[in-house]
Number of protein chains: 4
Amino acid sequence: MIDFRSDNTGRAAPEILDALIRANSGTALGYGADEWTARLQDRFSDLFETRVRVFPVATGTAANALSLAAISPSWGLVYCSAASHINTSEANAAGFFGGGLKLVPVAGEHGRIDAAALADLLAAVQPGAIHRGQPAAVNLTQATDLGAVYPLDDIRAIGAIAKRHGLRVHMDGARFANAVVRLGCSPADMSWRSGVDILSFGATKNGGALCDAIVVLAPDLADGLAVQLRRAGQVWSKMRFASAQLLAYIEDGLWLRLARQSNAAAARIAAGIAGLSGLRLAARVEANELFLDMSSAVMDGLERDGFQFYRRSASLARFVCRFDLTDAEADTLIAALGRHCRAQQAA
Amino acid sequence: MIDFRSDNTGRAAPEILDALIRANSGTALGYGADEWTARLQDRFSDLFETRVRVFPVATGTAANALSLAAISPSWGLVYCSAASHINTSEANAAGFFGGGLKLVPVAGEHGRIDAAALADLLAAVQPGAIHRGQPAAVNLTQATDLGAVYPLDDIRAIGAIAKRHGLRVHMDGARFANAVVRLGCSPADMSWRSGVDILSFGATKNGGALCDAIVVLAPDLADGLAVQLRRAGQVWSKMRFASAQLLAYIEDGLWLRLARQSNAAAARIAAGIAGLSGLRLAARVEANELFLDMSSAVMDGLERDGFQFYRRSASLARFVCRFDLTDAEADTLIAALGRHCRAQQAA
Amino acid sequence: MIDFRSDNTGRAAPEILDALIRANSGTALGYGADEWTARLQDRFSDLFETRVRVFPVATGTAANALSLAAISPSWGLVYCSAASHINTSEANAAGFFGGGLKLVPVAGEHGRIDAAALADLLAAVQPGAIHRGQPAAVNLTQATDLGAVYPLDDIRAIGAIAKRHGLRVHMDGARFANAVVRLGCSPADMSWRSGVDILSFGATKNGGALCDAIVVLAPDLADGLAVQLRRAGQVWSKMRFASAQLLAYIEDGLWLRLARQSNAAAARIAAGIAGLSGLRLAARVEANELFLDMSSAVMDGLERDGFQFYRRSASLARFVCRFDLTDAEADTLIAALGRHCRAQQAA
Amino acid sequence: MIDFRSDNTGRAAPEILDALIRANSGTALGYGADEWTARLQDRFSDLFETRVRVFPVATGTAANALSLAAISPSWGLVYCSAASHINTSEANAAGFFGGGLKLVPVAGEHGRIDAAALADLLAAVQPGAIHRGQPAAVNLTQATDLGAVYPLDDIRAIGAIAKRHGLRVHMDGARFANAVVRLGCSPADMSWRSGVDILSFGATKNGGALCDAIVVLAPDLADGLAVQLRRAGQVWSKMRFASAQLLAYIEDGLWLRLARQSNAAAARIAAGIAGLSGLRLAARVEANELFLDMSSAVMDGLERDGFQFYRRSASLARFVCRFDLTDAEADTLIAALGRHCRAQQAA
């Protein structure tokens, strides 16, 4: 059994749970008024090279939906990729927390939105039009839900269009670490320097356990969001146990180390299967996910071998590399894919 | 420094964190499709002597607000104590998750609602009236926010009134364990056997760390709630780490042991200060909280001594006993109260 | 049968329905892009001595709830009188349209909120507190739900407190005309010059038929509100028929003439019953409503005589004067009250 | 100037405004407790051959959104045509009133949803899946937004699929009259006998003035909806003026007469332009709308002639026939189309 189903099927990095244990001493004020949470503000401000507000939350869905609710009125339109997690997988949390805001798909490749397509959509909006809602925000998923990574120039282009139309920008960074590692850029470059106002900072998919975070880069958003989070049941009374996890996650570059491992595993597999006939990468491998076109017979064979992965369609399979996937496990998949593809060719 | 501010300023019980560590092995499907969460259903069903559905959530506020949203339409009226946590301290989470539902205070003593007062309110509702909203649910806090515990007969009486009017019943059990220990009854008696449809099952205030739970006792509520929780960002993808905490919490009666300790500490203090002049219990001590009328000079004295507690008014102080409060710490408070009260009398 | 139940049981002023008929010629663009609605903007801007935006809406409840939603975030607190219509009679429309905002009662007499009481409440709010919601807005009902009228100085005092704390001010002017007539002031003085940001401008209770209006005095609120109204189903496609009513309502001072009549009727009754024993005005009569303490035997007698009115309690009756109540009808009530009171005294 | 922009640019039928005037006598209890509204219940129950509840509302958007909110939980999925008014033109009112419900487009021709496509979508839903929301309701627009009419068999097929999956069915009948006239069937056949639970009964587009209605065909929905409407600001206090309009609308078959006229005008134009080259009906003309493919030069020519209509794209124009469009006006359009098309051919 080798599990490629998702990065959230994996373990937590031991460093993160250790920090949680270490935080279990003495008393501490509730609801974020503790020293761990105070330190969290400082560490993230260092990391992002500006003063940010960080709010630990239970899940990426909470981070996304509450971020969007912070930057859109309830009658707002939020532009996003049709493939985005907020559009496909979060039970319309954005529409719920946003009081009825509506997601508007924008064309683009591999889960990205295309800057020109966004510009066209916004240019077509009539001033004073009331029948569709009011353009309010843009959502980018970085890395995307199809394993791609936006280059910085693309983020900047989208950010500039958004600003020109008075829209705020949210980045769904469930795999922010994987994208940072991929581009070799700073968190600041990937976010506020490129026009991002608010960020879902993912940890769970990259070795975290029970929390992600919202990083507020536009200071005016923070105070209202703080109340909204309390009301959303996303403010732990024993917050130190969440903040301690996030502190450990970024300490000494742990988060980047973990993402480097899962990215490397995906790249290793991509390299290992290059040239195999009967197999095609549906998108370039830019983070820790592989989307592979293959026959269902090959998928059947893999499942018989004990590999776990998701079938996205009859001919598309998704393989996600966890931070703790070993080289040996990656190689086992490479070998199996080779074997089944060759068997198919022979048949 | 001895901390009586809240039970949520305290540590987590080590057994609970240990379980979290032990859960960190192998891969497991996300969003609750793991074996820990499956086991959680069984263990809680045993505990409640009926088949229940248990949903781990991040906070008590989430448990309360989503429970109420599950039993009230958005135009519903929810009857509760004016002193209830949902009314005073959760930033109107109930109104938010409930899409605009409204809380209606019911008279009663020490944070309880009075069955007769509830009956009167409901009797005064005109059939077909549309100007105020539709009676939908009743909320009980057990133990109450003023340290009291409803006897089973009171719960049953309220449950019967609710049923007669077609209302569902939610119990905010942030301190459920303290109440069970106090009454020496079973969880089943305290809940569904007395008319409770859905329960916020608190763990955080009683040695938990990062999760509470919703226990669904009326089966028809569970499927919709499951979707609502997903949408509310309350379904962890690495759910096993939450379920493991809750499993440890109830294993071998840990939860009752912890509550017995904090209840005993409160009772010890109550006994120790009996007869002190200048000090008066604002309510009988039935769980782990003491509400004490005293002069602000006495409060000042305690703070100079290093005691931490909340001033509810110029003459009312709240002291909450944590599960890990020691007898020595309790006795130190008793002594200090004696000292300051005598000094006041002398002055 | 003489009907004192409510001003909304009355007829519409014929001038208003005539205007509706006159508007029924030719074609006109939908959703407010017609010439009647354009003219409405100009006429109301003249009336209020500043550039306003006017939005016809179907009901006062819509006007109130959507106004409040425009000036409060969903986690906001709206300060109002406990007796206010938004708190007692609109099925929590404010909480619904406001996405969960919460009403906070402020002390005051006769349906007013007291400026000092408001200041105290706001002074007690802790900066950064997240447990109750964020102060956002103040609601004034003018005339109040108990027949009183705020003097301009009171509105200004409340407006100043609101501004000092960053709160916006909404006036529920369901009986705005009655208050303007009572004070003899201008609509501008009663609203934006005294700190009001947005106004529910009532017509229905004062001879209107099927629409009231929101008058936006703070220009930044208008564009978002326009979308919100569309989404709320409050933008008629054949808007000209609503705008024509409102134009007729304010043309040649009709609205003030109508309010003068109903105020005068109430004053006539108040004068006519002065000194009657067994009868007491529960509040000064400042608009078109009388709240009278009397025995239930007197109420029974009035009902036997064919008078219609509402019993607010066993000893409190409300009488509302419509614009078309005749002097003869008023005198009939005065005579009947005298008769029944004297009979009671004799008994 | 001949106006083909929309049926809502037209006048109201004089009979409807006359009824409004006639209702202006005497006093009547507010909020629907009047005799006109009582009579409305009876007349619509006769019309639909079953006991229905009828709620006048200000707009079709209100009718649609509140109907959907009545049949879907806030986490529900509502299946509809991508071209449906609720999806394209109501500023996400359904998502707002529905507390975050999400619209899911279903394939189909000419604004219809295809029964087989719906069945496929529902068959693909995993039991217990929580990531997308819960299937809750189906929305049909009859006549559709592209001028088509569902045959009864199609409605029945969709109704049957819905019932099999536990979904409720809403019909957006903004042009219900046009569809009834087209099919020559009864309102009962078009609605509850074919599986419709709740109906937006349009009047405005067919000679109405200021109200449409919700007709509740599934009795369990009515009581909650009544409160929801009150809260939505859709219950006029002087309801008689709305009910009187709707009574006049259906009296002596007025509504069918009006729809027959607009349908006939559209058919007359369709017949008149048959065979013209350079012109193509984008859909069969089944109600009172024509969607015509033509060159933009032809559109320019029509506009120069003074015709008003909407350009849906560079090559698609929409012409809507009002109830009071005369034969002469229709013939003028036919002639102009002929002239411009021939000119284009010649060029």
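Once you list every other residue whose beta carbon is under 11 Å from the beta carbon of B:S243, what net charge do they have if Lys and Arg are +1 and Asp and Glu are -1?
+2
Can you check what the net charge comes to around B:A107, using other residues whose Cβ is under 11 Å from the Cβ of B:A107 (Lys, Arg +1; Asp, Glu -1)?
Values: positive: B:R112; negative: B:E109, B:D114, B:D120.
That sum, taken over residues with Cβ under 11 Å, equals -2.
Rounded if a/c is under 1.5, else prolate if a/b is larger than b/c, else oblate: which is chain A, with a ≥ b ≥ c the root eigenvalues of its Cα gyration tensor?
Here chain A falls in the oblate category.
Mind listing the long-range amide H neighbours of C:I214? Cut-off is under 5 Å, sequence gap 5 or more, other chains count too, H placed in the peptide plane at 1.01 Å from N.
Long-range HN contacts for C:I214: C:F55, C:V57, C:F201.
What number comes out for accessible area per residue over the protein assembly as shown if the probe is 1.4 Å? Units Å², please.
Each residue of the protein assembly as shown exposes 33 Å² on average to a 1.4 Å probe.
May I ask for the net charge around B:R268, where only other residues with Cβ less than 11 Å from the Cβ of B:R268 are counted and Lys, Arg are +1 while Asp, Glu are -1?
Surrounding charge for B:R268 is -3.
Hey, which residue of A has the C-beta nearest the axis mapping A onto D, and what's the distance in Å?
Nearest to the symmetry axis by Cβ: A:G95, 3.
Choose one of C:G147, C:A70, C:P56: the residue whose Cα lies farthest towards the positive end of the charge dipole of the range C:55-153 (beta-carbon charges +1 Lys, Arg; -1 Asp, Glu; about the Cα centre).
C:A70
Expressed as a rounded percentage, what relative contact order does the range A:155-280 have, with Cα pairs under 8 Å and six or more residues apart?
24 percent
Calculated from DSSP H runs of 4 or more alone, at -39500 (n - 2.57) each and per residue, what is the 222 nm mean residue ellipticity of chain C, nearest 500?
Helix-only estimate at 222 nm: -13000 deg cm²/dmol.
How much length, in nm to one decimal, is gained on full extension between D:R342 and D:D18, taken as 0.36 nm per residue of separation minus their Cα-Cα distance?
112.1 nm
List the residues of the range B:109-133 that lose 40 Å² or more of accessible area once all protein chains are present, compared with their chain alone (1.4 Å probe, heavy atoms only, no ligands or nucleic acids).
Buried-area filter returns B:I130, B:H131, B:R132.
How many nm separate the modelled label positions at B:A129 and C:D305, each set 7 Å beyond the Cα in the direction of the Cβ?
Simple spin-label model gives 2.8 nm for this pair.
Among A:P14, A:Q41, A:A91, whose Cα lies farthest out toward the positive end of the dipole of the range A:10-150, if unit charges sit on the beta carbon of Lys, Arg (+1) and Asp, Glu (-1)?
Positive-most Cα among the choices belongs to A:A91.
If one takes the longest principal axis of the Cα atoms in chain B, at what angle in degrees, from 0 to 90 and to the nearest 10, does the Cα axis of helix B:254-272 lie?
In chain B, helix B:254-272 runs at an angle near 30 degrees to the longest axis.
Could you name every residue in the range A:47-75 that has 10 Å² or more less accessible surface in the full protein assembly than in its own chain alone (probe 1.4 Å, ligands and nucleic acids excluded)?
A:A58, A:T59, A:T61, A:S74, A:W75
Put a label point 7 Å from Cα along the Cβ direction on B:S315, then list its distances to the equivalent points in the other copies in nm, shortest first.
Copy-to-copy label distances at B:S315, shortest first: 3.0, 8.2, 8.6 nm.
Would you check the accessible area of C:H85, probe 1.4 Å, heavy atoms only, in square angstrom rounded to 10?
40 Å²
Over chain A, what is the relative contact order in whole percent, taking alpha-carbon pairs under 8 Å and six or more residues apart? Working shown, then result.
Details: 698 pairs, mean separation 84.0, N = 347.
Computed value for chain A: 24 percent relative contact order.
Relative to the isolated chain, which residues of the range A:1-21 have their accessible area cut by 50 Å² or more in the presence of all protein chains (1.4 Å probe, heavy atoms, no ligands or nucleic acids)?
The answer is A:N8, A:T9, A:R11, A:L17, A:I21 - residues whose exposure falls by at least 50 Å² when every protein chain is included.
With axes computed from alpha carbons, what is the tilt in degrees of helix B:152-164 against the longest principal axis of chain B, rounded to the nearest 10 within 0 to 90?
40 degrees
I need the phi-derived Karplus couplings for the range C:296-306: 6.51 cos²θ - 1.76 cosθ + 1.60, θ = phi - 60°, integer Hz, Gly and Pro marked x.
3J(HN,Hα) across the range C:296-306, in whole Hz: 5, 5, 5, 4, 4, x, 4, 5, 4, 6, x.
Could you give the nm distance between label points at C:A297 and A:D293, where each point is 7 Å from its Cα heading toward the beta carbon?
Those two pseudo-labels are separated by 9.5 nm.
In debye, nearest 20, what is the charge dipole magnitude of chain B about its Cα centre with +1 on Lys and Arg Cβ and -1 on Asp and Glu Cβ, if you could check?
Numbers: 34 positive and 34 negative charges, 90 e Å.
Rounded to the nearest 20 debye, it is 440 debye.
Assuming R0 = 30 Å, what is the FRET efficiency of A:A328 and A:R284, from their Cβ-Cβ distance, to the nearest 0.05? Could you put the intermediate results ahead of the total?
On the way: r = 25 Å, r/R0 = 0.83.
Efficiency at R0 = 30 Å is approximately 0.75.
Which FRET efficiency, nearest 0.05, do B:A33 and C:R39 yield, Cβ-Cβ r, R0 45 Å?
0.10
I need to check one value: relative contact order of the range B:76-177, counting alpha carbon pairs closer than 8 Å and at least 6 residues apart, in percent.
Computed value for the range B:76-177: 31 percent relative contact order.
Using only protein heavy atoms and a 1.4 Å probe, how much accessible area in total is buried between B and A, to the nearest 100 Å²?
Answer for the B-A pair: about 4300 Å² buried.
From the Cα gyration tensor of the range D:1-148, with a ≥ b ≥ c the square roots of its eigenvalues, which class applies: rounded if a/c is under 1.5, or else prolate if a/b is larger than b/c, or else oblate?
Prolate, since a/c reaches 1.5 and a/b exceeds b/c.
Does the protein assembly as shown come out rounded, prolate or oblate, given a ≥ b ≥ c as the square roots of the eigenvalues of its C-alpha gyration tensor, rounded meaning a/c under 1.5 and, failing that, prolate meaning a/b above b/c?
Oblate shape, in that a/c is at least 1.5 and b/c is the bigger or equal ratio.
What is the distance in Å between the Cα centroid of the range A:109-159 and that of the range B:101-136?
48 Å
How large, in percent, is the carbon and sulfur part of the accessible surface of the protein assembly as shown at a probe radius of 1.4 Å?
51 percent
Can you compute the FRET efficiency between A:A82 and B:R312 using 1/(1 + (r/R0)^6), with r the Cβ-Cβ distance and R0 = 45 Å? Round to the nearest 0.05.
The value I calculate is 0.30.
What's the angle, to the nearest 10 degrees (0 to 90), between helix D:60-71's Cα axis and the longest principal axis of chain D?
Around 40 degrees separate the two axes.
Could you pull out every one of the lysines with an alpha carbon less than 21 Å from that of B:K163, ignoring same-chain neighbours closer than 8 positions?
Within the straight-line cut-off, B:K163 pairs with B:K102.
The values are calculated or read from the model by the stated rules, or taken from the named source; none is laboratory data. Note that the structure is predicted; figures quoted are calculated from it, not measured. Reconstructed Cβ throughout: ideal geometry from the backbone, glycine too, with neighbour counts over all protein chains shown. Each accessible area value is taken on the protein alone, full model and side chains, heavy atoms only, with ligands, DNA and RNA left out. Shrake-Rupley method; radii C 1.70, N 1.55, O 1.52, S 1.80 Å.
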